[in-house]
1. Ile173 versus Lys147, label points 7 Å from Cα toward the beta carbon: distance in nm?
2. Greater than 26 Å separation of Cα atoms is the criterion. Which listed pairs, Lys124/Lys147; Lys8/Lys125; Lys14/Lys133; Lys14/Lys95; Lys35/Lys147; Lys95/Lys127, meet it?
3. With a Förster radius of 41 Å, plug the Cβ-Cβ distance of Tyr77 and Arg136 into 1/(1 + (r/R0)^6) and report the FRET value to the nearest 0.05.
4. Which distance in nm do the two modelled labels at Thr129 and Asn61 give, with both placed 7 Å along the Cα-to-Cβ direction?
5. Does region 58-138 classify as rounded, prolate or oblate by the C-alpha gyration tensor (a ≥ b ≥ c root eigenvalues; a/c under 1.5 gives rounded; else a/b over b/c gives prolate, otherwise oblate)?
6. Using a 1.4 Å probe over the heavy atoms of the protein chains, calculate the carbon and sulfur portion of the accessible area of region 69-152 as a whole percent.
Amino acid sequence: MNATNCIKVFVRIKPEEEDENYIPFNIDGNVIGCKTYRNNTHFNFDYIFQNEESNPSYIRNHIEEGISEGGFLYLFYGVTSGGKTYTMSNIINEKANEGCFDELDFSCYEIYLDEIYDLLDNRKKIKLTEEKKKIRWDKDMFLSAIKHRHVGPTLINKLSSRSHLIVEIKDSIYVDLAGSERAKKTQAIGTALR
């Protein structure tokens with residue numbers, strides 16, 4: 001892979017729910033245009049997943065297509081309740097069900113309030129330079145680990161993840177970032193805000 005192909009930015013459009021307010025937007029190829037209160041803005045991406053394409057299986061196959069070796073950095077970024085954890089955990093589980101992680105070790109940890117916690121070791125606080133606990137791939141342990149993330153209620157989501165989740169499996173890293181919206185929108189206060 002040459003330097004111009006190292007970073008690809010994909011967008012998953014979350015299916016709209018009845019009670020959600022969206023800024024009106026339009027999609028033209030790989031460009032999303034929206035009108036904000038100031039002006040018209042356009043965002044260019046490598047690919048935009050819409051409707052039936054927005055399922056994690058299609059996303060994973062499209063992203064990994066044509067790449068036979070090397071690792072990936074999956075970075076899931078967006079607003080609270082935007083489907084980041086859902087998409088990430090489903091991509092990981094699908095690969096696990098195909099046997100991609102058999103005989104591989106994995107680690108799972110979170111960054112919360114500038115501290116690192118090992119989610120495979122009873123949320124033990126660890127240092128950045130410290131070796132993270134690694135265990136043989138186990139789907140139940142993975143699901144249990146992600147359920148132990150720090151969560152807090154916000155106006156948008158009663159069980160909003162307030163930490164960044166990192167899962168390392170072989171040479172691939174999956175990062176689920178905490179929500180990126182303005183605090184005013186979530187009305188988060190105290191530690192849920194930080």
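The values are calculated or read from the model by the stated rules, or taken from the named source; none is laboratory data. What you see is a predicted model, and the numbers here were worked out from it, not measured in a lab. Here the Cβ positions follow ideal geometry from the backbone for every residue, glycine too, while neighbour counts run over all protein chains shown. The area values use the complete protein model at the heavy-atom level, side chains included, leaving out ligands, DNA and RNA. Shrake-Rupley method; radii C 1.70, N 1.55, O 1.52, S 1.80 Å.
1. 2.8
2. Where the Cα-Cα span goes over 26 Å, the pairs concerned are Lys8/Lys125; Lys14/Lys133; Lys35/Lys147; Lys95/Lys127.
3. Values: r = 30 Å, r/R0 = 0.72.
Calculated transfer efficiency: 0.85.
4. Once both label points are built, they end up 4.6 nm from each other.
5. Note, shape of region 58-138 comes out oblate.
6. Carbon-and-sulfur percentage of accessible area, whole number: 47.
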